[in-house]
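Student: The structure that follows is given in the form of structure tokens.
Any read-out appearing in this document is the output of simple, stated calculations on the displayed coordinates, not a laboratory observation. It should be emphasised that the depicted structure is a prediction, and the values quoted were computed from it without experimental measurement. In this analysis, Cβ positions are derived from the backbone assuming ideal geometry, glycine residues included, and neighbour counts consider all displayed protein chains.
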Amino acid sequence: MSAFLSGIGAALRHRRLAAILWLSLLFSALVAWFPIKALVAAFDEGAFRETLVKGWDGWALLSFWESRGVEIRIAAAAVAGALLVFALLQIFLTGGVLRVLVAGRRRPVFRPVVAESAGLFKANLWAAARFTLSSLFWLGLLVVLPCAGLHRLAKDAPPHGTAATLLFWWALLGGLLVLFNTGLRFDLARIALAREDARDARGAYRVARQRISGRRASGIGIILFWLAVFLGVQALFTSAGLRMNPRTNGAVTGLFLFRQIGFFLLAMARVGFFASLLAWEERRRPAHSVIGSASGGTTWNVSDPISARAPASASPETGSSVMTNGSALLSS
Amino acid sequence: MRRSLSAAALALALAVPAAALEAPRKIVDYDIRVSLDPGTKLVEGEETLKWTNPSDVPVGELRFHLYWNAFRNDRSTFLRESGGQLWGGKADTGKGWGYTDVTSMKWEGAELVKGARFESPDDGNPDDRTVLVVPLPRPVAPGETAALAIVWKAKVPRVYARAGYVRDFFFFGQWFPKIGVYEPTGRRRRTDSGWNCHQYHATSEFYADWGDYRVTITLPEKFVVASAGALVAETKASGRKTLTFEQKAIHDFAFSADPRYVVVEDVFDPAKDVPKDEIARASKTLGRSGADLVAGFHKVAIRLYLQPDHRAFDRRHIEAQKWALAWTGLWAFPYPYAQISIVDPPEDGMGAAGMEYQTIYTTFTKTYLSHWPLDRLYVPEMVTIHEFTHGYWYGLLASNEFEESWMDEGINTFTEFVMVDRKYGPFLEVPPGIGFTDEEVNRAEAALTQDHDPILSSAWKYAGEGSYGRNSYPQPCTTIQQIRNLLGEETFWRVFRGYAERWRFDHPTSEDFLDAMRTPGNPYVAALIPKTWYGRGWVDFTILDARTVPDDGFTGFDDAEKPVNFDPDPKGKGKEPPDEKRHKGPWQSLVVVGRDGDIEMPANVVLTFKDGQKVERMWDGVGGWIKYHVTSTSPLVKAEVDPERRAVLDRNPWNNARYTKRYEGPSAAAKGRIYALHLVEILLSTLWGIL
């Protein structure tokens, strides 16, 4: 089965995992809820209540924007806070999600995800820091510096000439390519941590490099595939949500539920992406350490950890002993 | 004697016309020959200037604008005011300086340059070199025409504001030694004659006398030249070419040169390009027949000089230009010239973008605005309409932009948003259906921001660039919109067109426009003008209170001390409060409407009841508040002042309505909360693509 199909299958099977991710999204967004609630409370108090219920009112929103500077700044700060909370939550949860995917557990998942996430959080946080730094470094080296040089060379060239076009596409495609590369290695490092191929971020990054070696393009292909799915779902639901334009309180509730379906599908896509990457990574592992089948109908005891910690003597970089360990766990 | 009599008569005729002019009074006649070296950016020029003294007094000195000296060094008034930055452009202090040096000026064989001096009439800046005062060996008599031979050299500045070069793109605006305006008594309501020749400011540059121009430009053959006027001659020799352009009855002359220009030519044909529904609308509103309105229209040649990377915008600019020609022709008067040239500056020369000159202007194009979803941002069209229509409000009605910048920018922005909104609807629209109209954007800037200046001030005397901007663009255009709402469509547009027709080819002042607006005798308009043009007045309508209670009839002691509808026993339970939900009526409602600020204007007050009935009352706006007591069979659910949004100067439109507890309609806040939550979720979920 291809990595793509594995991912799609996992996305459909692991709906509970997707639910956890969706809840993390909703929970993070709710950080901004009260400032937003206070901000838009004026919608019901003023002259534009009925026109806003009917739909768009440019003058209402322009004048609102101009006259509510303080409330808007508070809401913006809350949104920034929500972003931070969400970023930390994703770094936290991804470890647990990957562990559960590796284990193939379909239920229960909430407590195992939280428990395993907690165990992996420190290493994942370091991995995220390395991802950030390496992205900045490679973006600087491969995108910003060449672009700055090209910009300097083409300083006196007309706009949108060959140099400018090259510069634009290099900045766009080069930037994306760098992010895909650093992102792929980051994700594989997290998989290495989840599989206990490594005990820390540094080792995990080393394992990730081994996995990527020679198969970078197909790994990025997985990212692109799921990115397309992600964007498609987002565009579809955003567009449909805008068209719905609810005019009753009930319809507003309906819109909320409809839109959450969209976000839930995005969470499923995220699960599918990780499952695809796990399947892809599995094929890149040394032949003697092929992971056991994840589908065994095993039952999960919440008191058990998904994986016993790798023995201290295990070499975290080779992965073989860890895989044996993982296989044993899967059949436990 | 006869000569002096006829000269005096001519001077009088040039001074104050009693009625509209059929053609401008010719004061100047320029014959300019200029040569450009694109490599060194140096310009050599000669001009023969014939200037007629329009006053009834002898003039002993001449004054000239040498605008490019604004870019001579960092001590010029322009650089000091702008700080070397304007509209996002930044002065190139490395090699971008420019200048104009008059090397010779002769009149009747006498060299005048030796006695010339620089003056700074506006700010006294001793380092500013933009106004040259030239004493004459003898005064120019009233009505006499002096023919001067002027030789000058100049260096083109690197463009960051209006004129200059970038690479091999050149824009020549305010580029030649240009005589100031000698205003005779009565011109622009002057009580004495004298020079009106201001320095070059960061915020203003326009005021000149009418005349004829013949401009001969020599430059390398590869250059495409866009110019005011019409090309009348072209010769080529030794890799260079010489082009001659002529234009009569203008007061400014600009041109541009760039070897990369793609020239798109079209013709405005009134038979095809004036929309029938617009003729019908204008005819009905102005009370004139359609045939009368279109009588003065004629074909106009449109030449668009596009950058090659902006080809996708050719139709967008052309269509906007045609619409502007049609609209201004109907609502002001038909464009009198035979051609219009539109210059599209390159994106690294945007300092030259969005500038108005007569029969030529620069527009604004960015390639990203051709791609979805930004192609619904009609900014290029808006700029094309805006800059062309300047040709009316600074051009054909040649106001003094130095001293009354609102007459150019404010009236122009008003007509711009009328045109833009009618043709494009919300001009900033992403995604479809969600956007803002041009009028809304300007109204928001005007009504909802505070400031420290009245509208009327000299451009360089505002508190700052922001205050200049507010009081030259959105505040006057929104105040004119307020006058339009107060006068009503028919009255306003008839007055507006009357003003335009009366003052075309002339030099109107603020009071000329305001007098026209006062003509219908609307007291609110008369009161509004001093509070906005000469003051900082404002207005805010608000619903101070709106409540509704069941009317249970009489309660208390009657005249015989008999308790009615209540229990007088101190230990008793008392009367049960009325059950509002079951109450069948009647209801007593109280609404208090307030008006804050010092601008008085009438407003409609609408009370809406739960059964759908509405009660409307027109409040004259006099006094700070008004109370309405209403007895009704249904409870009051909403009170609103100015629901038609006619008070466009209202500083806070959000307090114009209030709902009572009896209102049971859907919640806009709930909808807003959900949309905002979804936006946050969309934003957060993008992190799933990264982390």
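Student: Once the Cβ-Cβ distance between B:Lys661 and B:Asp375 is put in as r, and R0 is 56 Å, what FRET efficiency do you end up with, to the nearest 0.05?
Tutor: Result of the calculation: an efficiency of 0.75.
Student: When the label point is put 7 Å from the Cα of A:Phe137 along its Cα-to-beta-carbon vector, which residues of the range A:199-235 have a backbone N closer than 18 Å?
Tutor: In the range A:199-235, the label zone of A:Phe137 (backbone N under 18 Å from the point 7 Å along Cα→Cβ) covers A:200-213.
Student: Shifting gears a bit: Testing the spin-label approximation: label points 7 Å from Cα along Cα→Cβ at B:Asn604 and A:Thr248. State their distance in nm.
Tutor: For the pair B:Asn604/A:Thr248, the computed spacing is 2.9 nm.
Student: For A:Trp33 paired with B:Ala237, estimate the spin-label separation in nm (one decimal), with each label point 7 Å from Cα along the Cα-to-Cβ line.
Tutor: 8.4
Student: Count neighbours as other Cβ atoms within 10 Å of each site's Cβ, and list the trypsin sites (Lys or Arg not before Pro) in the range B:646-691 that are DSSP loop with at most 12 such neighbours.
Tutor: Working: sites: B:Arg646, B:Arg651, B:Arg658, B:Lys661, B:Arg662, B:Lys671, B:Arg673; in loops: B:Arg646, B:Arg651, B:Lys661, B:Arg662.
Sites meeting the loop and neighbour criteria: B:Lys661.
Student: Just checking the output field for A:241-247: average partner chain Cβ neighbours within 10 Å of each residue's Cβ? Walk me through the intermediate numbers first.
Tutor: Numbers: counts 4, 6, 2, 0, 3, 5, 3.
Averaged over the peptide's residues, the number is 3.
Student: From the phi angles alone, apply the Karplus equation (6.51, -1.76, 1.60; θ = phi - 60°) to the range B:601-606 and give each ³J(HN,Hα) in whole Hz, x where the residue is Gly or Pro.
Tutor: Going residue by residue, I get 7, x, 8, 7, 10, 10 Hz, with x marking Gly and Pro.
Student: So what is the calculated 222 nm ellipticity per residue for chain A, using -39500 (n - 2.57) for each DSSP H run with n of 4 or more, over all residues, to the nearest 500 deg cm²/dmol?
Tutor: -24500 deg cm²/dmol
Student: Hey, with R₀ at 60 Å, roughly what FRET efficiency would A:Ala76 and B:Lys50 work out to, going by the Cβ-Cβ distance, to 0.05?
Tutor: Numbers: r = 62 Å, r/R0 = 1.04.
Result of the calculation: an efficiency of 0.45.
Student: Using only DSSP helix segments of four residues or longer, with each worth -39500 (n - 2.57), what per-residue ellipticity at 222 nm results for chain B after dividing by its residue count and rounding to 500?
Tutor: -7500 deg cm²/dmol
Student: Just to check I understand the Karplus step: with θ = phi - 60° and J = 6.51 cos²θ - 1.76 cosθ + 1.60, what whole-Hz values come out for the range B:300-310, glycine and proline as x?
Tutor: 10, 6, 10, 10, 9, 9, 9, 6, x, 7, 10
Student: Hey, another quick one. Using a Cα-Cα cut-off of under 12 Å, which aspartates and glutamates could be cross-linked to B:Lys41, ignoring same-chain neighbours fewer than 8 residues away?
Tutor: The qualifying aspartates and glutamates are B:Asp168.
Student: List residues of the range A:5-33, by number, whose backbone nitrogen lies under 17 Å from a label position 7 Å along Cα→C-beta of A:Ala228.
Tutor: Those under the cut-off are A:5-9.
Student: Also, quick follow-up: May I ask you to derive the relative contact order of the range B:346-419, considering only C-alpha pairs under 8 Å and at least 6 residues apart, and to give it as an integer percent?
Tutor: On the way: 77 pairs, mean separation 18.8, N = 74.
Relative contact order, the range B:346-419: 25 percent.
Student: While we're looking at this one, here's another question. Run a plain Debye calculation on the protein assembly as shown (Cα atoms as equal point scatterers, no solvent) and give log10 I(q)/I(0) at q = 0.07, 0.09 Å⁻¹, rounded to two decimals, same order as the q list.
Tutor: Cα-only, vacuum Debye calculation for the protein assembly as shown: -0.81, -1.09.
Student: From the residues B:Pro530, B:Pro454, B:Thr478, which one has its Cα farthest along the dipole of the range B:402-537 in the positive direction, the dipole being from +1 and -1 charges on Cβ of Lys/Arg and Asp/Glu about the Cα centre?
Tutor: Farthest towards the positive pole: B:Pro530.
Student: Further, regarding this structure: Lysines near B:Lys26 by alpha-carbon distance under 21 Å, same-chain residues fewer than 8 away left out - which ones?
Tutor: Of all the lysines, those that pass the test against B:Lys26 - Cα under 21 Å, at least 8 places apart if same chain - are B:Lys50, B:Lys178, B:Lys248.
Student: Inside 10 Å of the C-beta atoms of A:60-66, what's the mean count of C-beta atoms belonging to other chains?
Tutor: Working: counts 4, 5, 9, 10, 5, 2, 8.
The per-residue average across the peptide is 6.
Student: Starting from the Cα of B:Thr40, step 7 Å along the direction of its Cβ; do the same at B:Lys153; then give the gap between the two resulting points in nm.
Tutor: About 0.7 nm, to one decimal.
Student: Among B:Ser667, B:Ile626, B:Gly469, whose Cα projects farthest towards the positive end of the dipole of chain B, with charges put on the beta-carbon of Lys, Arg (+1) and Asp, Glu (-1)?
Tutor: Checking the options against the dipole of chain B, the answer is B:Gly469.
Student: Would you report the distance distribution of C-alpha pairs in the range B:402-537 as whole percents per 10 angstrom bin, up to the bin with the largest distance?
Tutor: 12, 41, 35, 11, 1
Student: Can you give the charge dipole size of the range B:402-537 about its Cα centre, rounded to the nearest 20 debye, using +1 on the beta carbon of Lys and Arg and -1 on the beta carbon of Asp and Glu?
Tutor: So the magnitude is around 340 debye.
Student: Rounded to the nearest 0.05, what FRET efficiency is calculated for A:Ser213 and A:Ile261 with R0 set to 45 Å and r the Cβ-Cβ distance? Kindly include the intermediate steps, with their values, before the conclusion.
Tutor: Details: r = 40 Å, r/R0 = 0.89.
E between A:Ser213 and A:Ile261, to the nearest 0.05, is 0.65.
Student: Can you tell me the relative contact order of the range B:282-396? Whole percent, Cα pairs under 8 Å, sequence separation 6 or more. Kindly include the intermediate steps, with their values, before the conclusion.
Tutor: On the way: 156 pairs, mean separation 29.4, N = 115.
Relative contact order here is 26 percent.
Student: Same structure, new question: When the chain is fully extended, how far beyond the present Cα-Cα distance does B:Val564 get from B:Ala526, taking 0.36 nm per residue of separation? Mind dumping the intermediate values first?
Tutor: Working: separation 38, 0.36 × 38 = 13.68 nm, distance 5.50 nm.
Length gained between B:Val564 and B:Ala526: 8.2 nm.
Student: Report the gain in length on full extension from B:Asp101 to B:Arg645: 0.36 nm times residue separation, minus Cα-Cα distance, nm rounded to one decimal.
Tutor: Length gained between B:Asp101 and B:Arg645: 190.3 nm.
Student: Quick one: which residues, 5+ away or cross-chain, put their amide H under 5 Å from the amide H of B:Ser193? H built at 1.01 Å from N.
Tutor: When sequence neighbours closer than 5 places are left aside, the close amide H contacts are B:Thr185.
Student: Amide H neighbours of B:Val637 under 5 Å, counting only residues 5+ apart in sequence or on other chains, H built in-plane at 1.01 Å?
Tutor: B:Thr608, B:Phe609, B:Lys610
Student: Check the straight Cα-Cα distances from A:Lys37 and name the lysines below 28 Å, setting aside those fewer than 8 residues away within the same chain.
Tutor: Straight-distance partners of A:Lys37: A:Lys54, B:Lys610, B:Lys638, B:Lys661, B:Lys671.
Student: I want the antiparallel fraction of DSSP beta bridges within the range B:282-396, as a percent rounded to 5.
Tutor: Percent antiparallel among DSSP bridges in the range B:282-396 is about 25.
Student: Taking beta carbons within 10 Å but only from partner chains, what does the mean come to for residues A:249-261? Intermediate results must be reported in sequence, preceding the final value.
Tutor: Values: counts 5, 1, 2, 10, 2, 1, 4, 7, 0, 1, 6, 3, 0.
Average neighbour count from other chains, rounded to a whole number: 3.
Student: Which pairs in the list A:Lys155/B:Lys95; B:Lys153/B:Lys236; B:Lys322/B:Lys366; B:Lys106/B:Lys153 are over 18 Å apart, alpha-carbon to alpha-carbon?
Tutor: B:Lys153/B:Lys236; B:Lys322/B:Lys366
Student: Further question: Debye sum, Cα scatterers, chain B, no solvent: what log₁₀ I/I(0) at q = 0.05, 0.09, 0.10 1/Å?
Tutor: -0.31, -0.85, -1.01
Student: What angle, in degrees between 0 and 90 and rounded to the nearest 10, separates the Cα long axis of helix B:2-15 from the longest principal axis of the Cα atoms of chain B?
Tutor: The helix B:2-15 is inclined about 30 degrees to chain B.
Student: Here's another thing I want to ask about it. Using the count of nearby Cβ atoms within 10 Å as a rough guide to exposure, how do B:Cys197, B:Cys477 rank from fewest to most? The partial results should precede the final answer.
Tutor: Details: B:Cys197 25, B:Cys477 28.
By the 10 Å Cβ count, ascending: B:Cys197, B:Cys477.
Student: Order the peptides A:207-215, A:88-96 from the highest to the lowest mean number of other Cβ atoms within 10 Å of their residues. Walk me through the numbers on the way to the answer.
Tutor: Numbers: A:207-215: 17.3, A:88-96: 22.6.
Those peptides, ordered most packed to least, come out A:88-96, A:207-215.
Student: Moving on to the next point. Positive end of the charge dipole of the protein assembly as shown (Lys, Arg +1 and Asp, Glu -1 on Cβ, about the Cα centre): tell me which of B:Ala500, B:Pro563, B:Phe513 has its Cα farthest that way.
Tutor: Farthest towards the positive end: B:Pro563.
Student: Here's something else I'd like to know. Quick check for me: using +1 on Lys/Arg Cβ and -1 on Asp/Glu Cβ, what's the dipole size of the protein assembly as shown about its Cα centre, in debye to the nearest 20?
Tutor: Numbers: 118 positive and 111 negative charges, 1003 e Å.
The dipole of the protein assembly as shown has a size of about 4820 debye.
Student: Rounding to the nearest 20 debye, state how big the charge dipole of the range B:282-396 is about its Cα centre with +1 on each Lys and Arg Cβ and -1 on each Asp and Glu Cβ.
Tutor: 440
Student: A further question on this structure: Could you identify which residue out of A:Ser67, A:Ser135, A:Ser28 has the top mean-square fluctuation in a GNM of chain A using Cα springs shorter than 10 Å?
Tutor: A:Ser67
Student: Moving to a separate point now. With θ set to phi - 60°, apply the Karplus curve 6.51 cos²θ - 1.76 cosθ + 1.60 along the range A:183-191 and write out the HN-Hα couplings as whole Hz, x wherever there is a Gly or Pro.
Tutor: Computed from phi, the couplings for the range A:183-191 are x, 4, 5, 4, 5, 5, 5, 5, 5 Hz.
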